[in-house]
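Take a look at the structure set out below.
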Amino acid sequence: MSEYSFFPRPAQLSVADIVALTGAEPREGTDLARRVTNIAPIDQAGADDLSFVSETKFIDRLKSTQAGAVLTSERLAQHAPKGVAVLQARKPYDAFVVVVRKLYVGALRPTSVFATTGVSPGAMVHPSAELGSNVTIDPFAVIGTSAKIGAGTLIGAHAVIGPGVAIGSDCAIGNHCSITHAHVGDRVIIHPGCDIGQDGYGYLNSAQGHTKIPQIGGVVIGDDVEIGSGTHIDRGGIRDTVIGEGTKIDNLCQIGHNCIIGRHCIIVAQCGLSGSVTLEDFVVLGPRTGIVPHVTVGKGAMAAARSSIYEDVPAGQTWGGFPAKPQKQWLREVVAIKRLGARRSGKDDPSGE
């Protein structure tokens with residue numbers, strides 16, 4: 001791919017600026033006036049680039065790097081070539097992220113694809129809608145009756161904001177999002193292609209067929225939530241579906257009606273939460289986790305990738321497997337099945353015992 005940046009060229013930082021931002025300790029003799037104009041992987045970095053190394057498996061790349069500056073640990077710093085501005089940090093990658101956020105502010109949230117300022121002539125905004133100051137609305141977006149858009153918020157191209165929806169300040173709503181029956185807090189990022197507030201999946205089943213149950217709740221999304229592309233969040237049936245502040249939801253997730261998701265949860269790609277699931281604060285769900293209706297996952301609990309959860313998970317525990325169970329029990333069962341399979345096939349015990 002030719003050298004082209006999809007983001008504005010960042011302002012230069014000196015090594016002294018990076019030290020001030022991160023609290024890193026410069027190696028003796030480091031030129032604090034040296035300028036850094038970009039970032040790059042350790043094996044591709046040039047004289048104007050900042051990189052990082054946090055693991056011993058990359059020592060060989062560190063030894064041969066041509067980077068201008070490197071954030072690394074005290075233990076690994078000795079392997080950097082002379083002439084590299086070495087900055088020692090307890091958590092090199094965390095320090096690197098601090099710098100990247102400073103250099104590439106525009107990469108933190110969706111931006112206008114049409115370089116729109118204010119409301120595009122191609123957008124459709126109902127006269128009864130209320131727009132705060134410095135709102136950006138891209139072409140072909142639709143803002144419905146009595147909707148409220150807070151100051152500094154971006155509504156992307158072809159997004160639809162339904163009647164009565166309230167979106168807070170400094171939000172970014174990506175292209176082709178549909179948001180109905182929802183109240184959204186401040187500083188919320190919703191990436192392209194999300195559907196929020198559509199019907200929950202509810203039917204009465206009988207021999208005559210399936211009778212649709214009206215879904216009359218809404219969706220409430222707290223401050224500082226981020227929702228990945230293609231995720232769907234159903235509105236509640238007779239109460240609201242709630243996403244707590246600071247929660248981060250990855251791409252292609254399904255959140256069913258009446259779910260209550262606590263504060264600062266992490267929900268990784270392709271998770272599916274059935275109706276009326278409760279996640280308490282700081283829960284982490286690995287990719288492709290599925291949870292049946294009316295289950296509660298306790299505060300700080302974690303689920304391994306592809307877990308299928310059929311019962312309540314106590315606070316602070318790590319579960320995994322199908323059906324999900326405490327991690328140690330699950331791993332013991334996996335080893336037992338391997339041993340049984342080895343004996344039946346006449347092969348050696350895979351555990352080596």
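The values are calculated or read from the model by the stated rules, or taken from the named source; none is laboratory data. Remember, it's a predicted structure, so these values are computed and weren't measured experimentally. Virtual Cβ from ideal backbone geometry, glycine too; neighbours counted across all protein chains shown. For accessibility, only protein heavy atoms count, side chains too; no ligands or nucleic acids. Shrake-Rupley method; radii C 1.70, N 1.55, O 1.52, S 1.80 Å.
List of remarks:
- Cα gyration tensor category, rounded, prolate or oblate, for the stretch 172-268 with a/c compared to 1.5: prolate
- Whichever lysines have a C-alpha closer than 25 Å to that of Lys102, once near sequence neighbours (fewer than 8 apart) are set aside: Lys91, Lys248
- Taking amide H atoms as placed 1.01 Å from N in the peptide plane, the amide H of Lys148 lies under 5 Å from those of Glu130, Val165, Ala166, Ile167, each 5 or more residues away in sequence or on another chain.
- Take the Cα of Lys63, step 7 Å toward its Cβ, do the same at Arg288, and the gap between the two points is 3.9 nm.
- Karplus-derived HN-Hα couplings along the stretch 125-132 (A = 6.51, B = -1.76, C = 1.60, θ = phi - 60°), whole Hz, x at Gly and Pro: 10, 5, x, 7, 6, 10, 10, x
- In whole percents, the pair-distance distribution calculated for the stretch 1-143 from its alpha-carbon pairs, binned every 10 Å from zero, is 11, 35, 21, 13, 13, 6, 1.
- Note that the stretch 306-320 has calculated 3J(HN,Hα) couplings of 6, 5, 10, 9, 10, 8, 4, 10, x, 4, x, 8, 10, 10, x Hz, one per residue in order, obtained from phi through the Karplus relation 6.51 cos²θ - 1.76 cosθ + 1.60 (θ = phi - 60°); glycine and proline are x.
- For the chain, the longest site-free run once chymotrypsin sites (Phe, Trp or Tyr not before Pro) in DSSP loop states with at most 11 other Cβ atoms within 10 Å are removed: 7-353
- Qualifying trypsin sites (Lys or Arg not before Pro) in the stretch 87-118, where qualification requires a DSSP coil assignment and no more than 14 other C-beta atoms within 10 Å, comprise Arg90.
- Packing rank of 171-178, 289-296, where each peptide gets the mean count of other beta carbons within 10 Å, highest leading: 171-178, 289-296
- Accessible surface comparison of Lys57, Lys338, probe 1.4 Å, protein chains only, largest first: the order is Lys57, Lys338.
- DSSP H segments from the chain that extend 15 Å or more along their own axis, Cα-based, with Kyte-Doolittle mean of -1.0 or above: 92-103, 327-345
- 1.4 Å probe accessible area per residue over the chain, in Å²: 53 Å²
- Remark: accessible surface ordering of Ile167, Ile216, Ile266 (largest first) is Ile216, Ile266, Ile167, probe radius 1.4 Å.
- GNM flexibility winner over the chain from Thr72, Thr231, Thr145 (Cα, springs under 10 Å): Thr72
- Using θ = phi - 60° and Karplus 6.51 cos²θ - 1.76 cosθ + 1.60, couplings along the stretch 259-266 (whole Hz; Gly, Pro as x): 5, 10, 10, x, 7, 6, 7, 10
- Among (i) 23.4; (ii) 21.1; (iii) 22.5, the entry derived from the coordinates for Kirkwood radius over Cα pairs in Å: (i)
- Leu32 exposes around 80 Å² of accessible area when a 1.4 Å probe is run over every protein chain in place.
- Dividing the mean sequence gap of close Cα pairs (under 8 Å, 6+ apart) by how many residues the chain holds gives a relative contact order of 6 percent.
- Under 5 Å, built H, 5+ apart or other chain: amide partners of Ser14: Val36
- A simple spin-label model places the labels of Ser73 and Arg306 3.1 nm from each other, with each point 7 Å out along Cα-to-Cβ.
- Atom-type composition of the exposed protein surface of the stretch 101-220 places 59 percent of the accessible area on carbon and sulfur (1.4 angstrom probe).
- Mean sequence separation of contacting Cα pairs (under 8 Å, at least six apart), scaled by the length of the stretch 103-199, corresponds to a relative contact order of 20 percent.
- Contour excess over end-to-end distance, with Cα ends at Leu108 and Ala207 and 0.36 nm allotted per residue: 30.5 nm
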